[in-house]
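Working notes, structure below.
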Amino acid sequence: MKSEISKALSDFLFEYETPRQVLVRNRRVGVVCRLIQLGVLAYIIGWVFIYEKGYQSTDTAVSSIFTKMKGVGYTSVNGHERVWDVSDYVFPPQGDSSFVVMTNYILTEGQQMGRCPELEGKQCSSDTDCEEGRFKRQMTGICVNSTKTCEVLAWCPVEDDHSIPHPPLLMSAENYTLFIKNSVTFPIFGVTRTNLVEGVDAAYISKCLYHPQDAPLCPIFKLGDIVKLSGFNFETIAQMGGAIGIVVDWTCNFDADVKHCKPQYNFHGLYGNPAETDQARASVGYNFRYAKYYLENNVQKRTLMKVFGIRIEIIVQSLARKFDIIPTFTAIGSGVGIFGVATVVCDLVLLYLLPKREYYKNMKFKYTDTSVQDPDSEAGSIETELSNVRDLCMSVYQSVKN
(Lines give C-alpha, C1' and ligand atoms only; values in the text may rest on other atoms or scores of the structure.)
Protein backbone atom coordinates (compact mmCIF):
# COMPACT_ATOMS: atom_id res chain seq x y z
CA MET A 1 0.00 0.00 0.00
CA LYS A 2 2.81 2.34 0.91
CA SER A 3 4.61 1.63 -2.35
CA GLU A 4 1.44 2.31 -4.38
CA ILE A 5 0.94 5.65 -2.65
CA SER A 6 4.57 6.50 -3.15
CA LYS A 7 4.35 5.56 -6.84
CA ALA A 8 1.18 7.64 -7.36
CA LEU A 9 2.77 10.62 -5.63
CA SER A 10 5.94 10.20 -7.67
CA ASP A 11 3.97 10.00 -10.93
CA PHE A 12 2.03 13.15 -10.01
CA LEU A 13 5.14 15.14 -9.12
CA PHE A 14 7.61 13.96 -11.74
CA GLU A 15 5.50 13.23 -14.83
CA TYR A 16 4.77 15.85 -17.43
CA GLU A 17 2.12 15.69 -20.13
CA THR A 18 2.76 17.41 -23.44
CA PRO A 19 0.52 17.53 -26.53
CA ARG A 20 1.56 15.40 -29.45
CA GLN A 21 0.70 16.80 -32.86
CA VAL A 22 -0.29 14.33 -35.55
CA LEU A 23 -0.70 15.45 -39.15
CA VAL A 24 -3.79 13.62 -40.45
CA ARG A 25 -4.19 13.45 -44.21
CA ASN A 26 -7.96 13.01 -44.43
CA ARG A 27 -10.06 15.17 -46.70
CA ARG A 28 -13.32 14.89 -44.76
CA VAL A 29 -11.72 15.75 -41.45
CA GLY A 30 -9.73 18.55 -43.02
CA VAL A 31 -12.86 20.09 -44.61
CA VAL A 32 -14.75 19.85 -41.31
CA CYS A 33 -11.88 21.54 -39.47
CA ARG A 34 -11.62 24.41 -41.95
CA LEU A 35 -15.39 24.96 -42.02
CA ILE A 36 -15.53 25.20 -38.25
CA GLN A 37 -12.58 27.60 -38.18
CA LEU A 38 -14.20 29.69 -40.90
CA GLY A 39 -17.44 29.85 -38.91
CA VAL A 40 -15.57 30.90 -35.77
CA LEU A 41 -13.70 33.58 -37.73
CA ALA A 42 -16.96 34.90 -39.21
CA TYR A 43 -18.47 35.01 -35.70
CA ILE A 44 -15.51 36.95 -34.28
CA ILE A 45 -15.33 39.47 -37.11
CA GLY A 46 -19.01 39.79 -37.98
CA TRP A 47 -20.75 39.49 -34.63
CA VAL A 48 -18.21 40.38 -31.96
CA PHE A 49 -16.39 43.23 -33.71
CA ILE A 50 -18.75 44.63 -36.35
CA TYR A 51 -22.22 44.09 -34.86
CA GLU A 52 -21.55 44.08 -31.10
CA LYS A 53 -18.52 46.38 -31.41
CA GLY A 54 -16.52 44.36 -28.93
CA TYR A 55 -13.53 46.67 -29.33
CA GLN A 56 -15.35 49.54 -27.55
CA SER A 57 -16.30 50.28 -23.96
CA THR A 58 -19.83 51.54 -23.22
CA ASP A 59 -21.54 54.08 -20.98
CA THR A 60 -25.13 55.18 -20.27
CA ALA A 61 -26.18 58.77 -19.67
CA VAL A 62 -27.40 60.73 -16.69
CA SER A 63 -30.37 62.71 -18.02
CA SER A 64 -32.73 65.57 -17.22
CA ILE A 65 -35.98 66.58 -18.95
CA PHE A 66 -37.78 69.93 -19.16
CA THR A 67 -41.10 70.31 -20.98
CA LYS A 68 -43.41 73.17 -21.90
CA MET A 69 -46.88 73.03 -23.49
CA LYS A 70 -48.38 75.85 -25.54
CA GLY A 71 -51.82 76.36 -27.00
CA VAL A 72 -55.30 77.65 -26.18
CA GLY A 73 -58.48 75.56 -26.10
CA TYR A 74 -62.11 76.65 -26.49
CA THR A 75 -65.35 75.00 -25.34
CA SER A 76 -69.02 75.93 -25.49
CA VAL A 77 -71.21 73.76 -23.25
CA ASN A 78 -74.91 74.65 -22.83
CA GLY A 79 -74.20 78.15 -24.07
CA HIS A 80 -71.37 78.65 -21.60
CA GLU A 81 -68.18 79.62 -23.42
CA ARG A 82 -64.77 79.12 -21.93
CA VAL A 83 -61.14 79.47 -22.98
CA TRP A 84 -58.59 76.99 -21.61
CA ASP A 85 -54.91 77.85 -21.32
CA VAL A 86 -51.89 75.82 -20.18
CA SER A 87 -52.55 76.31 -16.48
CA ASP A 88 -56.03 74.80 -16.97
CA TYR A 89 -55.30 71.68 -19.04
CA VAL A 90 -51.80 70.49 -18.01
CA PHE A 91 -51.33 68.43 -14.82
CA PRO A 92 -48.94 68.93 -13.08
CA PRO A 93 -47.86 72.34 -14.39
CA GLN A 94 -44.14 72.14 -13.41
CA GLY A 95 -42.85 70.82 -16.74
CA ASP A 96 -41.96 67.29 -15.65
CA SER A 97 -41.13 64.35 -17.90
CA SER A 98 -44.53 62.84 -17.06
CA PHE A 99 -47.70 64.92 -17.33
CA VAL A 100 -51.32 64.84 -18.51
CA VAL A 101 -52.97 66.98 -21.19
CA MET A 102 -56.73 67.25 -20.63
CA THR A 103 -58.83 66.45 -23.72
CA ASN A 104 -62.29 65.80 -22.23
CA TYR A 105 -64.06 66.38 -18.91
CA ILE A 106 -67.24 66.07 -16.85
CA LEU A 107 -68.01 69.17 -14.76
CA THR A 108 -70.11 69.18 -11.58
CA GLU A 109 -70.55 72.72 -10.23
CA GLY A 110 -71.81 74.11 -6.95
CA GLN A 111 -71.32 71.04 -4.79
CA GLN A 112 -71.64 71.42 -1.04
CA MET A 113 -71.56 68.93 1.83
CA GLY A 114 -75.03 67.69 2.76
CA ARG A 115 -77.72 65.08 2.24
CA CYS A 116 -79.18 64.37 -1.19
CA PRO A 117 -80.68 61.50 -3.19
CA GLU A 118 -78.41 59.03 -4.98
CA LEU A 119 -78.26 58.93 -8.76
CA GLU A 120 -81.19 57.52 -10.66
CA GLY A 121 -80.90 53.88 -11.58
CA LYS A 122 -80.08 52.67 -8.06
CA GLN A 123 -83.69 52.16 -7.02
CA CYS A 124 -85.09 51.57 -3.55
CA SER A 125 -88.63 50.78 -2.31
CA SER A 126 -88.08 51.15 1.45
CA ASP A 127 -85.53 52.27 3.99
CA THR A 128 -84.31 48.69 4.37
CA ASP A 129 -82.97 48.89 0.82
CA CYS A 130 -80.65 51.72 1.87
CA GLU A 131 -78.53 49.92 4.38
CA GLU A 132 -75.04 51.21 4.92
CA GLY A 133 -72.43 49.63 2.66
CA ARG A 134 -74.69 48.66 -0.26
CA PHE A 135 -73.24 51.34 -2.50
CA LYS A 136 -69.98 53.30 -2.65
CA ARG A 137 -71.31 56.43 -0.94
CA GLN A 138 -72.27 56.91 2.72
CA MET A 139 -75.93 55.94 3.13
CA THR A 140 -78.24 57.63 5.67
CA GLY A 141 -80.69 54.72 5.67
CA ILE A 142 -83.54 56.75 4.11
CA CYS A 143 -85.25 55.98 0.80
CA VAL A 144 -86.34 59.21 -0.90
CA ASN A 145 -89.88 58.62 -2.23
CA SER A 146 -89.76 61.35 -4.88
CA THR A 147 -86.79 59.80 -6.68
CA LYS A 148 -87.00 56.22 -5.35
CA THR A 149 -83.28 56.40 -4.59
CA CYS A 150 -81.36 56.23 -1.34
CA GLU A 151 -80.34 59.35 0.50
CA VAL A 152 -76.57 59.79 0.91
CA LEU A 153 -74.27 62.02 2.92
CA ALA A 154 -71.95 63.46 0.27
CA TRP A 155 -71.00 66.45 -1.81
CA CYS A 156 -74.31 67.39 -3.39
CA PRO A 157 -75.49 67.30 -6.12
CA VAL A 158 -73.89 63.89 -6.74
CA GLU A 159 -71.61 63.64 -9.76
CA ASP A 160 -73.13 61.92 -12.81
CA ASP A 161 -70.33 60.45 -14.91
CA HIS A 162 -72.33 57.84 -16.79
CA SER A 163 -72.32 59.78 -20.04
CA ILE A 164 -68.89 60.80 -21.39
CA PRO A 165 -69.03 63.73 -23.85
CA HIS A 166 -68.63 62.69 -27.47
CA PRO A 167 -66.96 64.12 -29.46
CA PRO A 168 -64.38 65.24 -26.86
CA LEU A 169 -64.91 68.77 -25.60
CA LEU A 170 -61.28 69.78 -26.18
CA MET A 171 -60.67 68.55 -29.70
CA SER A 172 -58.64 71.76 -30.15
CA ALA A 173 -55.92 70.05 -28.06
CA GLU A 174 -54.81 68.41 -31.30
CA ASN A 175 -53.08 71.69 -32.20
CA TYR A 176 -51.26 72.16 -28.89
CA THR A 177 -47.45 72.09 -29.11
CA LEU A 178 -44.94 70.45 -26.79
CA PHE A 179 -41.39 71.70 -26.36
CA ILE A 180 -38.87 69.17 -25.00
CA LYS A 181 -35.48 70.20 -23.65
CA ASN A 182 -33.22 67.28 -22.79
CA SER A 183 -29.67 67.24 -21.42
CA VAL A 184 -27.52 64.08 -21.12
CA THR A 185 -24.09 63.48 -19.60
CA PHE A 186 -21.92 60.41 -20.20
CA PRO A 187 -19.74 60.40 -17.05
CA ILE A 188 -17.17 57.81 -18.18
CA PHE A 189 -16.36 59.70 -21.38
CA GLY A 190 -16.89 63.18 -19.89
CA VAL A 191 -19.29 64.26 -22.65
CA THR A 192 -22.40 66.43 -22.19
CA ARG A 193 -24.98 66.96 -24.93
CA THR A 194 -28.42 68.55 -25.26
CA ASN A 195 -31.10 67.95 -27.86
CA LEU A 196 -30.55 71.56 -28.95
CA VAL A 197 -27.63 70.41 -31.08
CA GLU A 198 -25.60 72.35 -33.63
CA GLY A 199 -27.96 74.18 -35.99
CA VAL A 200 -30.91 74.13 -33.60
CA ASP A 201 -30.82 77.76 -32.49
CA ALA A 202 -33.47 80.31 -31.49
CA ALA A 203 -34.24 81.24 -35.09
CA TYR A 204 -34.71 77.59 -36.08
CA ILE A 205 -36.90 76.78 -33.06
CA SER A 206 -39.16 79.77 -33.69
CA LYS A 207 -40.35 78.32 -37.01
CA CYS A 208 -39.76 74.53 -36.87
CA LEU A 209 -42.17 71.70 -36.14
CA TYR A 210 -41.04 68.11 -35.73
CA HIS A 211 -41.34 65.82 -38.74
CA PRO A 212 -39.64 62.39 -38.96
CA GLN A 213 -38.06 63.16 -42.35
CA ASP A 214 -38.17 66.94 -42.87
CA ALA A 215 -37.28 68.13 -39.34
CA PRO A 216 -36.07 65.15 -37.23
CA LEU A 217 -34.10 67.35 -34.80
CA CYS A 218 -36.82 69.92 -34.06
CA PRO A 219 -37.70 69.74 -30.32
CA ILE A 220 -41.23 71.12 -30.83
CA PHE A 221 -44.00 68.57 -31.35
CA LYS A 222 -47.65 68.97 -32.29
CA LEU A 223 -49.85 66.89 -29.96
CA GLY A 224 -51.89 65.58 -32.89
CA ASP A 225 -48.69 64.40 -34.61
CA ILE A 226 -47.51 62.65 -31.42
CA VAL A 227 -50.79 60.75 -31.22
CA LYS A 228 -50.68 59.84 -34.91
CA LEU A 229 -47.04 58.66 -34.81
CA SER A 230 -47.83 56.46 -31.80
CA GLY A 231 -50.52 54.64 -33.78
CA PHE A 232 -53.63 56.17 -32.20
CA ASN A 233 -56.61 58.07 -33.58
CA PHE A 234 -56.80 61.43 -31.82
CA GLU A 235 -60.58 61.54 -31.34
CA THR A 236 -60.60 57.99 -29.93
CA ILE A 237 -57.89 58.56 -27.35
CA ALA A 238 -59.09 62.09 -26.53
CA GLN A 239 -62.56 60.92 -25.48
CA MET A 240 -61.52 58.48 -22.73
CA GLY A 241 -57.80 59.14 -22.36
CA GLY A 242 -54.69 57.01 -22.69
CA ALA A 243 -50.90 57.04 -22.38
CA ILE A 244 -48.17 57.71 -24.94
CA GLY A 245 -44.42 57.33 -24.55
CA ILE A 246 -41.88 59.58 -26.27
CA VAL A 247 -38.47 57.90 -26.33
CA VAL A 248 -35.44 60.17 -26.77
CA ASP A 249 -32.74 57.83 -28.05
CA TRP A 250 -29.08 58.79 -27.63
CA THR A 251 -27.00 56.11 -29.39
CA CYS A 252 -23.55 57.62 -29.93
CA ASN A 253 -20.15 56.56 -31.22
CA PHE A 254 -17.47 58.78 -29.71
CA ASP A 255 -14.78 57.40 -32.00
CA ALA A 256 -16.26 59.94 -34.43
CA ASP A 257 -16.70 63.65 -33.75
CA VAL A 258 -18.97 64.46 -30.78
CA LYS A 259 -21.17 66.65 -33.00
CA HIS A 260 -22.49 63.49 -34.65
CA CYS A 261 -24.08 62.46 -31.34
CA LYS A 262 -27.69 63.51 -31.92
CA PRO A 263 -31.04 62.36 -30.49
CA GLN A 264 -33.71 60.35 -32.26
CA TYR A 265 -37.37 60.55 -31.25
CA ASN A 266 -39.68 57.53 -31.20
CA PHE A 267 -43.35 57.37 -30.23
CA HIS A 268 -45.17 54.43 -28.64
CA GLY A 269 -48.72 53.83 -27.44
CA LEU A 270 -48.36 52.71 -23.81
CA TYR A 271 -52.01 52.27 -22.89
CA GLY A 272 -55.20 52.07 -24.91
CA ASN A 273 -53.88 50.14 -27.90
CA PRO A 274 -56.29 50.78 -30.82
CA ALA A 275 -55.94 47.11 -31.83
CA GLU A 276 -57.76 46.10 -28.62
CA THR A 277 -61.33 45.66 -29.84
CA ASP A 278 -62.74 44.00 -26.72
CA GLN A 279 -65.17 46.60 -25.40
CA ALA A 280 -65.74 44.61 -22.19
CA ARG A 281 -62.18 45.06 -20.90
CA ALA A 282 -61.91 46.78 -17.52
CA SER A 283 -60.70 50.30 -16.76
CA VAL A 284 -60.69 51.68 -20.28
CA GLY A 285 -58.85 54.95 -20.87
CA TYR A 286 -57.22 57.28 -18.37
CA ASN A 287 -58.96 59.75 -16.02
CA PHE A 288 -58.75 61.38 -12.61
CA ARG A 289 -60.69 63.93 -10.55
CA TYR A 290 -59.76 67.22 -8.97
CA ALA A 291 -61.75 69.92 -7.20
CA LYS A 292 -61.59 73.70 -6.78
CA TYR A 293 -62.92 74.90 -3.43
CA TYR A 294 -64.48 78.28 -2.65
CA LEU A 295 -66.75 80.02 -0.11
CA GLU A 296 -70.23 81.28 -1.00
CA ASN A 297 -72.25 82.98 1.76
CA ASN A 298 -69.84 81.45 4.29
CA VAL A 299 -70.64 77.97 2.95
CA GLN A 300 -67.82 75.91 1.55
CA LYS A 301 -68.51 74.71 -1.96
CA ARG A 302 -66.51 73.13 -4.73
CA THR A 303 -66.45 72.55 -8.46
CA LEU A 304 -65.61 68.91 -9.22
CA MET A 305 -64.03 67.98 -12.53
CA LYS A 306 -63.46 64.49 -13.87
CA VAL A 307 -60.59 64.82 -16.32
CA PHE A 308 -59.94 62.56 -19.31
CA GLY A 309 -56.57 63.14 -20.90
CA ILE A 310 -53.46 61.94 -22.68
CA ARG A 311 -50.66 61.01 -20.30
CA ILE A 312 -47.25 61.77 -21.85
CA GLU A 313 -44.22 59.81 -20.60
CA ILE A 314 -40.85 61.06 -21.86
CA ILE A 315 -38.22 58.32 -21.60
CA VAL A 316 -34.50 58.82 -22.27
CA GLN A 317 -32.65 55.83 -23.72
CA SER A 318 -28.89 56.10 -24.11
CA LEU A 319 -25.81 54.10 -25.05
CA ALA A 320 -22.39 55.57 -25.93
CA ARG A 321 -19.35 53.67 -27.21
CA LYS A 322 -15.65 54.42 -27.58
CA PHE A 323 -12.55 52.41 -28.47
CA ASP A 324 -10.83 50.76 -25.51
CA ILE A 325 -7.80 48.47 -25.65
CA ILE A 326 -8.96 46.22 -22.77
CA PRO A 327 -12.26 45.00 -24.30
CA THR A 328 -10.42 44.68 -27.63
CA PHE A 329 -7.87 42.25 -26.19
CA THR A 330 -10.64 40.46 -24.27
CA ALA A 331 -12.64 39.92 -27.46
CA ILE A 332 -9.58 38.71 -29.37
CA GLY A 333 -8.58 36.33 -26.57
CA SER A 334 -12.03 34.81 -26.32
CA GLY A 335 -12.14 34.42 -30.09
CA VAL A 336 -8.78 32.60 -30.15
CA GLY A 337 -10.05 30.30 -27.42
CA ILE A 338 -13.13 29.42 -29.46
CA PHE A 339 -10.86 28.20 -32.27
CA GLY A 340 -10.17 25.19 -30.04
CA VAL A 341 -13.69 23.96 -30.82
CA ALA A 342 -12.48 22.84 -34.27
CA THR A 343 -9.78 20.64 -32.71
CA VAL A 344 -12.22 19.04 -30.25
CA VAL A 345 -14.76 18.23 -32.98
CA CYS A 346 -12.14 16.80 -35.33
CA ASP A 347 -10.64 14.66 -32.55
CA LEU A 348 -14.08 13.20 -31.84
CA VAL A 349 -14.52 12.37 -35.52
CA LEU A 350 -11.04 10.79 -35.71
CA LEU A 351 -11.19 8.73 -32.54
CA TYR A 352 -14.81 7.57 -32.53
CA LEU A 353 -16.43 7.84 -35.98
CA LEU A 354 -13.94 7.00 -38.72
CA PRO A 355 -13.33 3.35 -39.74
CA LYS A 356 -9.60 3.66 -38.96
CA ARG A 357 -10.18 5.06 -35.46
CA GLU A 358 -7.91 2.46 -33.77
CA TYR A 359 -5.07 3.43 -36.07
CA TYR A 360 -5.56 7.13 -35.30
CA LYS A 361 -5.65 6.38 -31.56
CA ASN A 362 -2.29 4.63 -31.77
CA MET A 363 -0.87 7.55 -33.71
CA LYS A 364 -2.29 10.20 -31.38
CA PHE A 365 -1.44 8.69 -27.97
CA LYS A 366 2.04 7.46 -26.98
CA TYR A 367 3.16 6.27 -23.55
CA THR A 368 6.70 6.75 -22.19
CA ASP A 369 8.51 5.42 -19.15
CA THR A 370 11.01 7.16 -16.87
CA SER A 371 13.38 4.17 -17.28
CA VAL A 372 13.94 5.05 -20.94
CA GLN A 373 17.32 6.73 -21.45
CA ASP A 374 17.87 10.14 -22.85
CA PRO A 375 17.24 9.99 -26.63
CA ASP A 376 20.38 12.09 -27.12
CA SER A 377 22.54 9.26 -25.73
CA GLU A 378 23.68 6.31 -27.87
CA ALA A 379 21.36 3.81 -26.14
CA GLY A 380 18.54 6.28 -26.29
CA SER A 381 19.08 6.77 -30.00
CA ILE A 382 18.94 3.00 -30.63
CA GLU A 383 15.72 2.69 -28.62
CA THR A 384 14.22 5.62 -30.51
CA GLU A 385 14.99 3.94 -33.84
CA LEU A 386 13.45 0.67 -32.61
CA SER A 387 10.36 2.58 -31.52
CA ASN A 388 10.04 4.18 -34.94
CA VAL A 389 10.37 0.75 -36.64
CA ARG A 390 7.72 -0.64 -34.30
CA ASP A 391 5.33 2.21 -35.12
CA LEU A 392 5.90 1.69 -38.85
CA CYS A 393 5.18 -2.06 -38.57
CA MET A 394 2.02 -1.30 -36.60
CA SER A 395 0.87 1.13 -39.27
CA VAL A 396 1.42 -1.44 -42.03
CA TYR A 397 -0.42 -4.09 -40.00
CA GLN A 398 -3.40 -1.84 -39.41
CA SER A 399 -3.56 -0.90 -43.10
CA VAL A 400 -3.58 -4.59 -44.14
CA LYS A 401 -6.15 -5.42 -41.47
CA ASN A 402 -8.52 -2.70 -42.58
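The values are calculated or read from the model by the stated rules, or taken from the named source; none is laboratory data. Since the structure is predicted, the reported quantities are computational estimates derived from the model, not experimental observations. Here Cβ is always computed from backbone atoms with ideal geometry, including for glycine, and neighbour counts include all displayed protein chains.
Which numbered condition in (1) touching a residue at least 60 places away in the same chain (Cβ under 8 Å); (2) surrounded by 11 or more Cβ atoms within 10 Å (Cβ to Cβ); (3) out of contact with any strand residue (DSSP E or B) (no Cβ under 8 Å at 6 or more places or on another chain) is the only one that GLY71 fails?
The one condition GLY71 does not meet is (3).
Out of GLY79, GLY95, I need the residue that is among the small types (Gly, Ala, Ser), free of Cβ contacts under 8 Å to residues at least 24 places away in the same chain and closer than 26 Å to GLU174 by Cβ. Which one?
After applying the criteria, what remains is GLY79.
Select from the stretch 181-201 the residues that are touching a residue at least 60 places away in the same chain (Cβ under 8 Å) and outside any loop (DSSP other than H, G, I, E, B) and write down the one among them that is farthest from ALA320 (Cα to Cα).
This residue is LYS181.
Quick check on GLU81: is it acidic (Asp, Glu), surrounded by fewer than 15 Cβ atoms within 10 Å (Cβ to Cβ) and not assigned by TED's automatic domain parsing to the domain that holds PRO263?
no
Looking at this structure, is SER334 of a type in the set (Ser, Thr, Tyr) and in a strand (DSSP E or B)?
Answer is no for this residue.
Take residues that are among the polar types (S, T, N, Q) and assigned by TED's automatic domain parsing to the domain that holds ASN195 and tell me which of the strands (runs of 3 or more DSSP E) falling wholly in the stretch 86-180 contain 1 or more.
98-117
TYR204 fails exactly one of the following numbered conditions: (1) in a strand (DSSP E or B); (2) at pLDDT below 95; (3) of a type in the set (Phe, Trp, Tyr). What is the number of that condition?
Failed condition: (1).
Please work out which residue is nearest to ASP161 (Cα to Cα), limiting yourself to the stretch 61-85 and to residues that are of a type in the set (Gly, Ala, Ser) and either in a strand (DSSP E or B) or at pLDDT below 90 (or both).
Among them, the one singled out is SER76.
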